[in-house]
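Shown next, in structure tokens, is the structure this report addresses.
Each reported figure results from applying straightforward, stated rules to the coordinates on display, with no laboratory input. On a predicted model such as this, the values are computed, not experimentally measured, just so you know. Glycine gets a Cβ as well: all are built from the backbone with ideal geometry, and neighbour counts include every protein chain shown.
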Amino acid sequence: MASGRVINLARFLGRAAEPAAAAQSSALQYSTVGGVAAYKLPDLPYDHSALEPVISGEIMELHHKKHHAAYVTNLNKALEEYADAESNKDLQKMISLQSAINFNGGGHINHDIFWTNLCPEKDAAPPSGELLAAIEAKWGSLDKFTATFSAKTAAVQGSGWGWLGLNKETKALEIATCANQDPLAAKGLAPLLGIDVWEHAYYLQYKNVRPDYLKAIWKVVNWENVAQRYKAAKA
């Protein structure tokens with residue numbers, strides 16, 4: 001086993017992936033186990049039932065403790081194997097592990113952002129200040145933004161994510177979608193707000209009616225967190 005190795009996810013997910021996730025996030029939290037960085041499942045900033053009735057406590061507990069936990073477990077396993085392969089100069093093994101690292105590493109980073117992008121409905125407040133001004137400048141109004149975002153995200157084929165991101169070169173906001181667990185950084189955008197449209201995020205409650213889930217979830221968006229990410233990404 002490799003000794004004292006820390007495998008940086010940015011090697012696989014794009015250089016912007018980890019710094020972007022680190023803004024108001026715990027995706028970089030890890031402990032050294034067996035000489036390799038072991039990423040940790042973050043605690044939710046609220047109880048599993050705190051987003052009801054928009055998202056049921058049953059969905060949140062399964063999503064967090066089962067699905068996100070599985071991404072973390074499989075990521076750590078793949079990174080440990082990668083460290084061994086790298087120390088042994090086993091190039092074929094290193095190449096074969098990159099898909100697992102991208103998928104599970106992306107799943108960890110995406111969910112870590114998602115949890116903090118949400119908050120109990122009683123704590124949710126609409127965006128304001130520079131973030132609202134940027135949204136209105138691009139889409140005309142917050143309502144037009146959410147309608148556009150929801151429509152594009154509802155159209156994701158199979159599993160994936162809808163994102164509001166910042167293009168750091170143009171300083172403009174963009175709506176983008178990503179398949180499976182691909183991180184937004186792979187498209188050159190800093191993630192500000194991500195909505196999970198894998199069926200495990202909503203099916204127990206909304207069945208196969210994804211648009212209903214997307215209509216409801218705006219009630220629990222933590223716009224303060226999105227604004228913090230926007231400020232950090234612009235810096």
Take the alpha-carbon centre of the stretch 52-76, take the same for the stretch 182-233, and report the distance between them in whole Å.
15 Å
Divide the volume of the convex hull of the Cα atoms of the stretch 178-235 by its number of residues and quote the answer in cubic angstrom per residue.
87 Å³
Burial ranking of peptide ranges 186-195, 66-75 (average Cβ count within 10 Å, highest at the top)
186-195, 66-75
Taking 133-144, 104-115, 149-160 and ranking on average Cβ neighbours within 10 Å, highest first, one gets 104-115, 149-160, 133-144
re the stretch 61-218: pairs of Cα atoms spaced beyond 28 Å account for a percent value of 28 percent
Calculated on alpha-carbon atoms, Rg and Dmax of the stretch 132-183 in Å:
11.7, 33
Peptides 170-178, 217-225: what's the order by average Cβ count within 10 Å, highest mean first?
217-225, 170-178
